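Remarks on the structure that follows.
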Amino acid sequence: MDFRNANELLALCRREGCPISEIMRRRECVLGETTVDTVNRRMARALEIMHQSATIPLETPVRSMGGLIGGEAKRLANHTAKKKDICGPVLQKAITYAMAVLEVNASMGLIVAAPTAGSSGVVPGLLLALQETYHISRERLIDGLFNAGAIGYLAMRNATVAGAVGGCQAEVGVAAAMAASAAVELMGGEPEQCLGAASTVLMNMLGLVCDPVGGLVEYPCQNRNAAGVANALIAAEIALSGIGQLIPFDEMLNAMYRVGRNIPAELRETALGGCAATPSACERCGRCG
């Protein structure tokens, strides 16, 4: 049940007549020499952690270790409660949850790296928002996480998910691709549409740099997680409407990797360029002397 690329994954889906999530679940069982109940239980635990990290800051805001973020998720929730939000229920919930997870991460709380700590808000943000809005069951949400895991696995196998290697396009970009693919499956899309959505996300976020202020995974990382869920939602909507993607996921992943390797070192998690090098960021950071 192993697959090396998206083409092989699609071939397995067609041969077995099942969605991406089921192929990934079977792969975990076979390669891990374990049972379906065991892998489902592990994924359920991941979902539980995601839910906690996405919701706790809405009640009890937490300040980051570097002091750059904290309380943003609750502000968004309060903004929604006043009925002043303009994004609509899915996107508003998604960006709120995504930013909440980054608060937990930056305060050394427990999160699920999906695929990294710096991009950990995107997948839970979008999936939990869809669950609440469309009353998706816990079991189906676990399916969505297996689907997302397949996309993350392909990115790690054939490219990178490290900002230091490929910029933020490799972190938040891949996280958004994972979320988009999972969202398409949860909303009834086919495997081809899932991968098309993932490809669209990478296309739309191609070239995004990694420039954390003070070298901390706080700012602009939190805002970019919010932007990542928006990109994922857009890509999923496009795919579900029946609009095809010209460039297959394997090709787009390869393009992302090549672009990432060409991004200057100053813009790959070194905090020497981009947002991190602006006067306001340097003044707030106070690390450069």
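Ignoring ligands, DNA and RNA, how do 153, 257, 219 rank by accessible area with a 1.4 Å probe, largest first? Present the calculation step by step, with values, prior to reporting the outcome.
On the way: 153 40, 257 65, 219 100 Å².
Final ranking, largest accessible area leading: 219, 257, 153.
From the Cα gyration tensor of region 158-264, with a ≥ b ≥ c the square roots of its eigenvalues, which class applies: rounded if a/c is under 1.5, or else prolate if a/b is larger than b/c, or else oblate? Verdict is oblate for region 158-264.
Taking only the Cα atoms of region 68-203, the radius of gyration and Dmax are 14.7, 45 Å. Each residue of region 117-125 is assigned a 3J(HN,Hα), and the resulting list reads 5, x, 10, 6, x, 5, 4, x, x Hz, derived from the Karplus form 6.51 cos²θ - 1.76 cosθ + 1.60 (θ = phi - 60°), x at Gly and Pro. Rounded to the nearest 0.05, the FRET efficiency derived from the C-beta distance between residue 78 and residue 48 at R0 = 30 Å is 0.70. Taking the charge dipole of region 162-280 about its Cα centre, with +1 at Lys and Arg Cβ atoms and -1 at Asp and Glu Cβ atoms, the residue from 264, 227, 202 reaching farthest to the positive side is 264.
Find out how many positive minus negative residues lie around residue 136, taking Lys and Arg as positive, Asp and Glu as negative, among other residues whose Cβ is under 13 Å from that of residue 136. Provide the component values of the computation, followed by the final result.
Working: positive: 93, 138, 140; negative: 132, 139, 143, 185.
With Lys, Arg at +1 and Asp, Glu at -1, the net is -1.
Positive contributions from Lys and Arg (+1) and negative ones from Asp and Glu (-1), summed over other residues with Cβ under 10 Å from the Cβ of residue 278, come out at -1. The alpha carbons of region 14-141 give a radius of gyration and a Dmax of 16.5, 51 Å, in that order.
Taking the solvent-accessible surface of protein heavy atoms with a 1.4 Å probe, what is the per residue accessible area of region 57-127 in Å²?
Working: 3050 Å² over 71 residues.
That works out to 43 Å² per residue.
Under the convention that each Lys and Arg Cβ holds +1 and each Asp and Glu Cβ holds -1, the size of the dipole of the chain around its Cα centre is about 460 debye.
I'd like the carbon and sulfur percentage of the solvent accessible area for the chain, probe radius 1.4 Å, heavy atoms only, ligands and nucleic acids excluded. Don't jump to the answer; show the numbers that get you there.
On the way: 6980 of 12710 Å².
Result for the chain: 55 percent of the exposed heavy-atom area is carbon or sulfur.
Restricting region 79-175 to trypsin sites (Lys or Arg not before Pro) that sit in a DSSP loop and have at most 12 other Cβ atoms within 10 Å of their own Cβ leaves 82, 83, 84.
The values are calculated or read from the model by the stated rules, or taken from the named source; none is laboratory data. Note that the coordinates shown come from a computational prediction; the quantities given were computed from them, not determined experimentally. Positions of Cβ are backbone-derived with ideal geometry, glycine not excepted, and every protein chain shown enters the neighbour counts. Just the protein is used for accessible areas: all its heavy atoms, side chains included, with ligands, DNA and RNA removed. Shrake-Rupley method; radii C 1.70, N 1.55, O 1.52, S 1.80 Å.
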